[in-house]
């Protein structure tokens with residue numbers, strides 16, 4: 001069973017999201033969109049998780065707006081309240097899933113990868129996080145505040161979430177006493193998105209297999 005729902009935010013407001021259910025008591029995963037919005041590709045990721053036995057909820061952070069144009073996507077991402085997205089929309093999604101799931105993890109791609117890390121540092125009730133090719137500014141997510149297991153998937157040929165940016169973030173986490181699992185792939189940004197020109201089937205499969213093994217251990 002899958003479709004759009006309304007769920008409560010901590011501030012009492014509501015957020016819409018795409019929920020794909022596997023069943024009461026199954027593990028839960030919040031799927032966070034790329035900068036394009038909550039499109040069919042992200043809904044497909046949620047469906048894929050549901051088919052694998054996870055209750056998956058993808059919050060609509062852009063409130064119904066979706067685009068295929070990079071300039072417009074950049075404009076929408078730049079205008080997003082990242083603190084609100086993390087502390088309200090994603091926190092609300094985590095709480096909603098906690099009502100039907102035994103444990104809840106968070107994962108996301110690109111902008112959603114950065115917000116996965118932000119949620120790991122800022123939102124309670126998350127058991128683990130899996131960011132794909134996205135790292136937030138330290139002002140949004142202090143590495144020292146991350147207390148949950150993280151597994152990150154990043155591209156070597158990425159001029160947005162660069163390998164250096166990833167390494168700097170990992171060093172700060174290690175300095176704070178944590179050891180995230182970080183994997184690099186000889187691929188481009190968005191290598192796991194099957195509708196992107198950068199899609200790399202081999203890298204995407206390896207990253208998915210590692211993700212499912214990681215979630216299986218922690219959820």
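Roughly how many whole Å is it from the C-alpha centroid of the range 131-185 to that of the range 33-66? The range 131-185 and the range 33-66 have Cα centres spaced 22 Å from each other.
Its Kirkwood hydrodynamic radius, worked out from the mean inverse distance over all distinct Cα pairs, puts the chain at 16.9 Å. Hey, what number do you get for the chain at 222 nm if only DSSP H runs of n ≥ 4 count, each worth -39500 (n - 2.57), divided across all residues, to the nearest 500? One gets -10000 deg cm²/dmol as the mean residue ellipticity at 222 nm. Per the Debye calculation on the range 100-163 with a single equal scatterer at every Cα and no solvent contribution, log₁₀ I(q)/I(0) for q = 0.14, 0.25 Å⁻¹ amounts to -0.37, -1.02. Of 87, 158, the sequence from fewest to most neighbouring Cβ atoms within 10 angstrom is 87, 158. Taking the Cα-to-Cβ direction at residue 171 and at residue 52 and moving 7 Å from each Cα, how far apart do the two end points lie in nm? Placing both labels 7 Å along Cα→Cβ, they lie 3.2 nm apart. Please state the shape class of the range 1-102: rounded when a/c is under 1.5, otherwise prolate if a/b exceeds b/c and oblate if not, all from the C-alpha gyration tensor. The shape class here is oblate.
Using a simple spin-label model with pseudo-atoms 7 Å out from Cα toward Cβ, residue 78 and residue 179 lie 4.2 nm apart.
Each residue in 35, 160 was given a count of other beta-carbon atoms within 10 angstrom of its own, and listing them fewest first yields 160, 35.
Which order results if 159, 89 are arranged by neighbouring Cβ count within 10 Å, fewest first?
So the ranking, lowest neighbour count to highest, is 159, 89.
In the chain, the DSSP beta bridges split such that about 35 percent are antiparallel, to the nearest 5. Fully extending the segment from residue 144 to residue 208, taken as 0.36 nm per residue of separation minus the present Cα-Cα distance, adds 20.3 nm. Measuring r between the beta carbons of residue 195 and residue 1 and using R0 = 30 Å, the FRET efficiency lands at 0.80.
Values quoted throughout were computed directly from the atomic coordinates according to the rules given, and no laboratory measurement underlies them. What you see is a predicted model; the values in this text were computed from it and never measured. Cβ coordinates were reconstructed from backbone atoms using ideal geometry, including for glycine residues, and neighbour counts include every protein chain displayed.
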